[in-house]
Each structure stands twice: as C-alpha cells, then as structure tokens.
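Colleague: Take this structure first; my questions come after.
Derivation of every value follows stated rules applied to the coordinates shown; laboratory data play no part. Note that this is a predicted model, so its numbers are computed, not measured. Cβ atoms come from the backbone with ideal geometry, glycine included; neighbour counts cover every protein chain shown.
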Amino acid sequence: MGKYFGTDGFRGEANITLTADHAYKIGRFLGWYYQHKDKDEKCKIVIGKDTRRSSYMFEYALAGGLTASGADVYLLHVTTTPSVSYVARTEDFDCGIMISASHNPYFDNGIKLVNQNGEKMDEETILKIEEYLDGKIPEVPFAERDKIGCTVDYAAGRNRYIGYLISLATRSYRDKKVGLDCANGSAWMIAKSVFDALGAKTYVMSNQPNGLNINVDCGSTHIEGLQKFVVDNGLDVGFAFDGDADRCLCVDENGNLVDGDAIIYIYGCYLKERGKLYGNKVVTTIMSNFGLYKALDDAGIEYEKTAVGDKYVYENMSQNGYRLGGEQSGHIIFKKYATTGDGILTAIKMMEVMLEKKMTLGELAASYKAYPQVLENVRVADKAAVREDAEVQSAVAEITKELGNDGRILLRESGTEPVMRVMVEAGDTQTCRKYVDRVVGLIKAKGYCV
C-alpha cells in the first residue's frame with residue numbers, strides 16, 4: 001500500500017483526508033499520463049460515482065483536472081464499481097475511475113482506479129500519482145485550444161452493462177420472489193432493472209438515496225434488515241449489496257444469512273459437478289471461515305489462501321487461471337465474466353444454481369457450517385504502531401497457542417480505514433468473545449484508540 005492509495009483506492013473522509021484538490025490533481029496527472037503521444041486522438045477516461053453527497057464534488061474535480069490536461073471524460077453518473085470496470089475493458093478506454101468509499105459511511109469517499117483491462121491499477125502507476133501529489137514530479141502542462149478535453153454524458157455505457165448482466169442469466173426468473181437491499185447506493189436503480197427484465201417479482205428496500213443515507217442500517221453491512229424483509233414478505237431469496245455494489249450477501253428463504261464463504265462453497269460445488277472448476281481450486285483469503293475449508297475438504301475441492309483484499313484474490317486467479325474466488329464479506333470474483341467483484345453478478349450466479357438444480361438457497365447451503373466467529377473493528381491513530389507493539393504480538397501468540405487446532409486469531413490492518421480488525425474463531429462464541437476482548441482491551445489500555 002502507498003501513502004494515499006490502499007488496497008482499494010485512495011479513501012478517506014471527504015475534504016478532510018481526501019479533498020477536492022486531491023481529486024483535481026489526480027485528474028491532472030492521469031489526463032497527461034495517458035495522452036496518446038503517437039496519435040492525434042485524445043485519451044478517453046470513464047468515470048462513475050455512488051450516491052454520496054461528496055461524490056458529485058469529486059466527479060467535477062476529477063473531470064476538471066482531466067479535461068485541463070487534455071483528456072475526454074465520459075460520465076456514467078451514479079453506477080456501480082463493476083460497471084466502470086466493464087465499460088473500461090469493453091469500450092476502448094485508457095482507464096476508469098470510480099468515486100466511492102464502498103461500505104464506509106457517507107462522510108467518507110474514495111477514488112478507485114482501473115486500467116484499460118478493467119483491472120485494479122498497477123502499483124507503478126499508483127506510485128507515480130502519489131509522487132505527483134507530493135510534488136516530486138514537475139507540474140504537468142495544461143492543454144490548450146483544441147487540445148483541451150471535453151465531458152460526455154455516457155449513460156449509454158451503464159445501460160450496456162445492464163444488458164450484459166441480463167445476458168448472463170441461464171433461465172427466466174418468472175414467479176420467483178426476490179428481495180433486493182440496495183444500501184441506498186449504486187445499485188438502487190440497476191439491480192431492480194436487471195431482475196425485472198429477467199421476470200422476477202422484485203421487492204426492493206433501501207432504494208431512496210439522499211446523499212447521506214448510503215449504508216445506514218441497510219445493505220450488506222446490516223444484513224438483519226433484509227433478513228426480516230425476506231421473512232415478512234415470504235420471499236424466495238434476498239440479495240444485499242454494499243454502497244458501490246461490488247459485494248453481495250444472500251439471505252435464504254428462511255431468513256438465514258448466506259455469506260461470501262457460503263457463496264464460494266455453493267458455486268464451487270456447482271462448477272465441480274459440471275467439470276468446470278479449473279484446477280479443482282477456489283481462491284479465498286485468510287479471513288475465510290474454518291467451516292469453509294472443512295466443507296471444501298468434504299466436497300473434494302482444493303483452495304488457495306491470499307492476503308485480505310479482492311485485489312489479491314484476483315491476482316492469484318489471474319496468475320493461475322482459477323475461475324472462482326472471493327471474500328467472506330461478499331466480494332466474489334467470477335473470472336470468466338468479470339475482472340472485479342460484482343454484487344449483481346453474484347446474485348445472478350446464485351439464481352443460476354438455484355434454478356438449474358431446482359433447489360432453494362437454504363438447501364444449497366445446508367452442507368456448509370460456519371465456525372463461531374467474533375470480529376471487532378478498533379479505530380486507532382497508528383495502525384503500524386499497534387501491529388508492531390511487542391505486548392500485542394505476545395498476546396496474539398499466547399492466544400494462538402491456547403486455541404491450538406480448535407480455532408485461530410487474526411489481527412490485521414484495514415486497507416481502507418484507520419482500523420485494526422481483531423477476529424477469533426473457535427468452537428463457541430463465548431470463547432471467541434473472551435479472546436477478542438483480551439486483545440481489544442490491551443490495544444485500548446495502551447492508548448492506541450481514537
């Protein structure tokens with residue numbers, strides 16, 4: 001991770017740690033960096049945003065910087081992160097920009113960059129952007145006269161993405177009652193359009209964004225709302241997205257959560273049954289539940305483990321040709337169809353398995369049993385200081401020894417927030433809670449918390 005850009009873009013509180021000036025300078029650099037020096041046409045950069053109030057500010061700042069450096073800017077307006085990735089890789093753009101802080105609260109925002117292949121921007125380019133932000137690269141020239149860029153309303157690109165999603169369904173959703181929790185975010189119109197077009201009886205919640213209510217008591221970070229919604233309305237299934245809709249968590253017909261680990265298990269088994277699970281492997285992160293590995297072992301499916309972040313999952317999949325991977329949080333990558341996690345695509349794939357196997361989601365998930373897990377996020381002033389603290393390291397080592405083969409503890413930094421995550425898995429929730437409290441208490445006692 002760099003000084004400004006983490007595992008999922010440059011993220012921070014709007015106009016505090018991530019400012020309009022940052023956005024303008026990023027635009028200035030990218031517009032200059034991607035100039036076609038060997039031909040007359042301008043570089044083309046596509047921008048999408050979520051529903052946060054500050055997203056409009058950042059959109060205009062980025063567009064101003066890009067056009068001032070000579071780039072033409074294509075505006076998708078409110079859309080999902082995976083749609084930006086899709087448009088960038090299918091429509092000859094030099095790169096794509098998504099303005100979103102994903103599952104974070106409304107007052108945060110972020111700038112995510114993807115290359116012309118719809119993949120997360122390479123570290124070399126990110127480093128150059130950071131050097132420019134810090135004044136280590138000389139000021140880039142302004143475009144003049146006919147070299148100045150323009151902005152283009154490009155809602156058509158978003159519509160083509162919707163059409164692509166619809167084309168991936170293998171069967172009609174006729175008579176299926178589907179709940180969608182759009183988190184008052186990017187999916188608020190797109191998800192319903194897709195499921196309506198496929199014939200579902202669509203029930204939607206959290207689809208009235210006002211710039212301040214994104215992720216507030218809704219979406220994949222507050223799944224309890226959808227669980228109640230599914231049960232109260234007698235729905236067949238429910239899908240909850242996060243703010244930029246690159247995540248999806250599911251709720252079965254009984255209101256039970258089906259998380260990212262269970263999704264990987266269900267679709268991994270589905271691919272294996274059809275002889276389409278390349279290498280007989282799926283890709284997970286170190287945060288995946290013990291229960292997933294037990295279920296995969298029982299199903300005869302092998303697995304890889306990466307660092308936390310869909311970036312690392314995708315890198316492993318690309319290097320080895322694997323088709324399925326993801327995170328417990330609902331970032332699921334279907335490599336044949338997308339270069340990033342895509343919440344709506346994940347929902348379509350779960351519908352595919354249900355319809356092709358003529359089973360409910362609850363029946364499909366029945367063989368997967370998660371270990372009890374307790375995860376606590378601790379806001380700290382200095383993540384590195386916590387990580388390197390000898391007493392904290394000693395406490396984690398002691399707990400690891402005490403748990404033995406019956407559980408595990410993970411202490412890791414968030415790649416997008418000033419947060420340390422303390423997670424324990426064990427045979428019962430009480431044991432998990434005891435060990436989490438022990439580490440969190442130590443972090444607080446040493447004065448690291450803010």
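Colleague: In the range 4-61, which GluC sites (Glu not before Pro) fall in coil by DSSP and have 10 or fewer other Cβ atoms within 10 Å? All intermediate terms of the calculation are to be shown ahead of the outcome.
Modeller: Numbers: sites: E13, E41, E59; in loops: E41.
Taking the range 4-61 and a limit of 10 other Cβ atoms within 10 Å, the loop GluC sites (Glu not before Pro) found are E41.
Colleague: I'd like the FRET efficiency for K3 and I286, computed as 1/(1 + (r/R0)^6) with the beta carbon distance as r and R0 of 30 Å, rounded to 0.05.
Modeller: Values: r = 25 Å, r/R0 = 0.82.
Calculated transfer efficiency: 0.75.
Colleague: Please identify every one of the trypsin sites (Lys or Arg not before Pro) in the range 1-62 that sits in a loop by DSSP and has no more than 16 other beta carbons within 10 Å of its own beta carbon. Don't jump to the answer; show the numbers that get you there.
Modeller: On the way: sites: K3, R11, K25, R28, K37, K39, K42, K44, K49, R52, R53; in loops: K3, K37, K39, K42, R52.
For trypsin sites (Lys or Arg not before Pro) across the range 1-62 that sit outside H, G, I, E and B with at most 16 neighbouring Cβ atoms in 10 Å, the list reads K3, K37, K39.
Colleague: OK, next. Near the amide H of V283, under 5 Å away, which other amide H atoms are found, from residues 5 or more places off or on another chain, if H is placed in the peptide plane?
Modeller: E304, L324, G325, G326
Colleague: Here is a further query. Run through the range 127-230 and list the chymotrypsin sites (Phe, Trp or Tyr not before Pro) located in a DSSP loop whose Cβ has at most 11 other Cβ atoms within 10 Å. Walk me through the intermediate numbers first.
Modeller: Numbers: sites: Y132, F142, Y154, Y161, Y164, Y173, W188, F195, Y203, F229; in loops: F142, Y154, Y173.
Counting only loop positions with at most 11 other Cβ atoms within 10 Å, none of the chymotrypsin sites (Phe, Trp or Tyr not before Pro) in the range 127-230 qualifies.
Colleague: Then there's this: I need to check one value: relative contact order of the chain, counting alpha carbon pairs closer than 8 Å and at least 6 residues apart, in percent.
Modeller: On the way: 1023 pairs, mean separation 57.3, N = 450.
That works out to 13 percent.
Colleague: So, one more: Charges on Cβ only, +1 for Lys and Arg, -1 for Asp and Glu, centred on the Cα centroid of the chain; of P209, A61, I409, which one is farthest towards the dipole's positive end?
Modeller: Sorting the options by dipole projection puts first P209.
Colleague: What does the charge count near L277 come to, summing +1 for each Lys or Arg and -1 for each Asp or Glu among other residues with Cβ under 11 Å from its Cβ? Could you put the intermediate results ahead of the total?
Modeller: Values: positive: K272, R274, K276, K281, R323; negative: E273, E302.
That sum, taken over residues with Cβ under 11 Å, equals +3.
Colleague: For the range 5-155, what is the relative contact order in percent, using Cα pairs closer than 8 Å and at least 6 residues apart in sequence?
Modeller: Result for the range 5-155 is 30 percent.
Colleague: Further question on the same structure: Nearest 0.05, what FRET efficiency do T400 and V450 give at R0 = 30 Å with Cβ-Cβ as r? All intermediate terms of the calculation are to be shown ahead of the outcome.
Modeller: Numbers: r = 27 Å, r/R0 = 0.90.
The computed FRET efficiency comes out at 0.65.
Colleague: Pop a pseudo-label 7 angstrom from the Cα along the beta-carbon direction at both Q116 and E91 and give the gap in nm to one decimal.
Modeller: Label-label distance for Q116 and E91, simple model: 1.7 nm.
Colleague: While we're looking at this one, here's another question. Set the Förster radius R0 to 30 Å, insert the Cβ-Cβ distance between N233 and Y278 as r into 1/(1 + (r/R0)^6), and round the FRET efficiency to 0.05.
Modeller: Values: r = 38 Å, r/R0 = 1.28.
Rounded to the nearest 0.05, the efficiency is 0.20.
Colleague: Calculate the spin-label point distance for R433 paired with N159, positioning each point 7 Å from the Cα along the beta-carbon direction, and give it in nanometres.
Modeller: Label at N159, label at R433, 5.4 nm between them.
Colleague: Take D146 and K305, extend 7 Å from each Cα along the Cα→Cβ direction, and tell me the distance between the two endpoints in nm.
Modeller: For the pair D146/K305, the computed spacing is 6.0 nm.
Colleague: Residues of the range 301-327 with amide nitrogen under 14 Å from the 7 Å Cα-to-Cβ point of E352?
Modeller: From the range 301-327, the list is 323-325.
Colleague: How large is the helix-only mean residue ellipticity at 222 nm for the chain, computed as the sum of -39500 (n - 2.57) over DSSP H runs with n ≥ 4, divided by its residue count, in deg cm²/dmol to the nearest 500?
Modeller: Details: 15 runs with 178 residues, N = 450.
Taking each H run of at least 4 residues, the total per residue is -12000 deg cm²/dmol.
Colleague: Further question on the same structure: Expressed as a whole percent, how much of the Cα-Cα distance distribution for the chain exceeds 27 Å? Could you put the intermediate results ahead of the total?
Modeller: Numbers: 54683 of 101025 pairs.
The proportion of pairs with Cα distances above 27 Å equals 54 percent.
Colleague: Follow-up question, since we're still on this one. Relative to the compact-globule scaling 2.2 N^0.38 Å, provide the ratio for the alpha-carbon radius of gyration of the range 174-244. All intermediate terms of the calculation are to be shown ahead of the outcome.
Modeller: Numbers: Rg = 11.3 Å, N = 71, 2.2 N^0.38 = 11.1 Å.
Rg over 2.2 N^0.38 Å, computed on Cα atoms: 1.01.
Colleague: Find the centroid of the Cα atoms in the range 366-441 and in the range 97-119, then give the distance between the two in whole Å.
Modeller: A separation of 28 Å, based on Cα centres.
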